[in-house]
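Novice: Can you read through this structure? Questions will come right after.
The values are calculated or read from the model by the stated rules, or taken from the named source; none is laboratory data. Model, not experiment: these values are computed from the prediction. As a convention, Cβ positions derive from the backbone with ideal geometry for all residues, glycine included, and neighbour counts pool all protein chains shown.
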């Protein structure tokens, strides 16, 4: 009897330590940490199927979409979170891009973007220069020289590495004021992103927005303002940046760019970047990655819709590198659940996917160096270097 009482009391004492105190709130830090590694969608968006018939063998226009930090697992995480489908499903020509830079096995966005934009390998942190730090022309500069309209639309500072790779020629990606000045000199038709301070709050005291206005640019600082511009040259340095704040900024501003650039009968080249997929990888945050991935995919849908109606537009989707070493360890497509683990807070050296739709799409299959994009773009648009 005494033994039974002792056992009973031991159980009661143990439960006091195990059971939560009534009214005690869950540990918020624990919940936040768990939220970084699991995601459940609240709703799915409709994915349309676009026709695969085009007007010509060669494109008049090219839309290049770069998912910064987007590897195969980031794509599959987004696909799972949207019930098993993305606009990327429309692409029938698929390949891979090797991302190594001139001096590192694992590239950064400066070197990765430079390779795509110029066809030359660069050292990490370099922008628009080759491995010997010599300036090399980008596809946007060549297209402009050949009379095409050009544009860049991003969700990061417009002076950040990837957009800078298409405009500037500097040894270091953090030379933001010099990169901003390169935009002023570039004669690009449309550029939309963030980073207004690099144009106005400068060490040299210049206000580049005033100078851009004097060159005929229409300057905007909100999404709505950009949507009111129907023609001419436009600079959008927007206040909205993060998902939840910026909403569908990337898709809407891509629409703005397309509606302006398509007015040139010679054609256009537009680069669009889903910039913040990379940030989610660096933060090892699957919710961040998925929301940015889906935001990017909706923008891919806008590009496909334009290309399917136009019939003379090549759409290419790729990445500069993968970020986070993302692994999917569980999920449920019907419920839109994704569970993840990460191997690093930095970039990795794995190949990244390449998707192509439209006239000339067949050139983008197989395993290729990231420098191969430039020559293919030149060939497809029949440009003189």
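Residue by residue, here is whether (1) surrounded by fewer than 18 Cβ atoms within 10 Å (Cβ to Cβ); (2) closer than 24 Å to residue 314 by Cβ; (3) free of Cβ contacts under 8 Å to residues at least 60 places away in the same chain holds:
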residue	(1), (2), (3)
221	yes, no, yes
238	no, no, yes
257	no, yes, no
273	no, yes, no
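Novice: Another question about this same structure. Is at least one residue of the range 306-317 touching a residue at least 60 places away in the same chain (Cβ under 8 Å), under 14 Å from the mean Cα position of the chain (by Cα) and closer than 17 Å to residue 50 by Cβ?
Specialist: yes
Novice: Still on this structure, I have one more. Count, please, the residues in the range 22-79 that happen to be closer than 18 Å to residue 323 by Cβ and modelled with pLDDT under 95.
Specialist: Total meeting the criteria: 1.
Novice: Moving on to the next point. Within the range 287-303, take every residue that is buried (at least 24 other Cβ atoms within 10 Å of the Cβ) and either in contact with a strand residue (DSSP E or B) (Cβ under 7 Å, 6 or more places away or on another chain) or at pLDDT below 95 (or both) and give me the one that is farthest from residue 349 (Cα to Cα).
Specialist: Among those residues, the one meeting the criterion is 303.
Novice: Return the total of residues in the range 313-353 being farther than 30 Å from residue 382 by Cα and assigned to a strand (DSSP E or B).
Specialist: 15
Novice: Please verify whether residue 232 is touching a strand residue (DSSP E or B) at 6+ places or on another chain (Cβ under 9 Å), at pLDDT 95 or above and crowded, with 17+ Cβ neighbours inside 10 Å, treating the condition exactly as stated.
Specialist: No: the conditions fail for residue 232.
Novice: Still on this structure, please answer the following. Which one is farthest from residue 188 (Cα to Cα), of the residues in the range 240-275 that are in a loop (DSSP other than H, G, I, E, B) and at pLDDT 95 or above?
Specialist: Only one residue tops the list, namely 275.
Novice: Limited to the range 318-349, what total is found for residues that are within 20 Å of the chain's Cα centre (by Cα), surrounded by fewer than 16 Cβ atoms within 10 Å (Cβ to Cβ) and touching a residue at least 60 places away in the same chain (Cβ under 8 Å)?
Specialist: 4
Novice: Here is a list: 348, 323. Which entry is out of contact with any helix residue (DSSP H, G or I) (no Cβ under 6 Å at 6 or more places or on another chain) and more than 30 Å from residue 52 (Cβ to Cβ)?
Specialist: Testing whether each residue is out of contact with any helix residue (DSSP H, G or I) (no Cβ under 6 Å at 6 or more places or on another chain) and more than 30 Å from residue 52 (Cβ to Cβ) leaves just 348.
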